[in-house]
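The values are calculated or read from the model by the stated rules, or taken from the named source; none is laboratory data. The model shown is predicted, which means the values in this text are computed figures rather than measured ones. Cβ placement follows ideal geometry from the backbone for every residue including glycine, while neighbour counts extend to all protein chains displayed. Note: accessible area is taken over every heavy atom of the protein model, side chains too, but ligands, DNA and RNA are not part of it. Shrake-Rupley method; radii C 1.70, N 1.55, O 1.52, S 1.80 Å.
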There are 2 protein chains.
Amino acid sequence: MTASASAAAKPAKAARRPYAARVPADVRRAQLHDAALRIIVRDGYDAISIDAIAREAGVTRPVVYGVFEDLRDLLGTLLDRQQERALAQLAEALPPEPDLSDPDQLVADTARRMIETVRADPMTWQPILLAASSMPEQARSRIDADRENFLTQVTGLIELGLALRGGPVLDAEVAAHAILAILEHFGRLLLTDPDRFETERLVATIAGVLTALR
Amino acid sequence: MTASASAAAKPAKAARRPYAARVPADVRRAQLHDAALRIIVRDGYDAISIDAIAREAGVTRPVVYGVFEDLRDLLGTLLDRQQERALAQLAEALPPEPDLSDPDQLVADTARRMIETVRADPMTWQPILLAASSMPEQARSRIDADRENFLTQVTGLIELGLALRGGPVLDAEVAAHAILAILEHFGRLLLTDPDRFETERLVATIAGVLTALR
DNA sequence: ACCAATTACTACACAGGTGTAGGAAACATG
DNA sequence: CATGTTTCCTACACCTGTGTAGTAATTGGT
């Protein structure tokens, strides 16, 4: 009451918000994608809203609507970007020309590269590995499709391995599910508690299981 | 406009809602718990709200507030109930006095009982196995604690198995994580697609992996 | 230094959820 | 059948998020 100056009625006038830096549309898109990803990683899928993203990026909602249709559009395009990144990283971790002469070494090396991949870019992998039912349907179906695809590849590799050793003493499809479950679980461990297990402990276990299955 | 009767202004008068059956408080609590569980199973954790639960149970919100503090209270007590059920079922599936003379058989039998357990009561297991980050913090931490506990038991069993076979050629803790990951993943498979894999295929794979690790 | 185009902000109407006060119906009991 | 108690409903005020119109600031080109 004792405070400031001239104006009679209005309480403080609600000082106009400082303008955020003016930025061309495509840069803004990337910024908003980044903001959304930070929210997902920090607070989970539930916390996403146009409002929250705008706040995180330091702008107002109309700015978001100027660049995206709606939340669905924003998340869809974010998924495109993250899917691309993830698949690229995965492709790099998988061996281009598997050296079948030493399967043990091959498995260990591949596992090691995958673990390092996740460690190196948690922002990309957390929304994929620590997601589940919460995430919007669009995300879930995309990730499921990629997972299914990867699963098929693994099944093929296992069948190949079994063939090299003789008759199929094991159910390749189920085994592939098991392997994938272990990989994903280890990925989650890396994300929630990176220091708990050293890479080599995880690698050794994966190698052990696969050796046993051969 | 051409329609009904006497009253001049009011459009249809919004006929009073028929009374839901009058029910004592403790029965209502159980009904609302059931309604909440149905919503979680059918639509996921995101879909829960006092409003949705009241609708699902065929009553109005004040009825819910008459019996629970708020959503946190409702979910917390629901968790108590479901946790109790799940742990009881799990205890029943685990062997009371493990017959160590035939470990292969023991593992297979235990795995089979666990699979049947999940098949028999999906309403209980789905919220536990298909949950992840979406669910409210209270739920996550409780389930995590139980999982951790179970993990410790499995680690102990593996160490026991390793000891019986001689030196520890394997990392028991990491192996326990791997086993648990497989179990949970198989549980999810059972819930999302019960007919895809027969029980014995899953049992055989689990037995195979564990045999290999022995 | 000005002007026009671009970009950001304020303010609004609307939708859906929370939590509560107060009235209305059903039920038990005499 | 009258009455008190329990249980349920309606109606409201409030909060948070959506999407849009209209206005104001910034900036690049001349």
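The set of residues in the stretch B:100-123 being open to solvent by 50 Å² or more (accessible area, probe 1.4 Å) and outside any helix (DSSP H, G or I) consists of B:100, B:101, B:102.
Would you mind stating whether residue A:126 is modelled with pLDDT under 85 and open to solvent by less than 60 Å² (accessible area, probe 1.4 Å)? No, not satisfied. Here is the figure for the stretch B:25-52: residues that are outside any loop (DSSP other than H, G, I, E, B) and within 20 Å of residue B:125 (Cα to Cα) total 17.
Only one entry in B:148, B:97, B:137 is surrounded by fewer than 19 Cβ atoms within 10 Å (Cβ to Cβ) and either in contact with a helix residue (DSSP H, G or I) (Cβ under 6 Å, 6 or more places away or on another chain) or more than 14 Å from chain A (Cβ to nearest Cβ) (or both), namely B:97.
Conditions tested, residue by residue: (1) modelled with pLDDT of 95 or more; (2) away from chain A (no Cβ under 14 Å); (3) closer than 30 Å to residue B:109 by Cα; (4) more than 10 Å from DNA strand D (Cβ to nearest atom).
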| residue | (1), (2), (3), (4) |
| --- | --- |
| B:34 | yes, yes, no, yes |
| B:38 | yes, yes, no, yes |
| B:49 | yes, no, no, yes |
| B:58 | yes, yes, no, no |
| B:61 | yes, yes, no, no |
| B:66 | yes, yes, no, no |
| B:93 | no, yes, yes, yes |
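Evaluated against (1) at pLDDT 95 or above; (2) more than 9 Å from DNA strand C (Cβ to nearest atom); (3) not basic (Lys, Arg), residue B:70 falls short on exactly one condition, (2).
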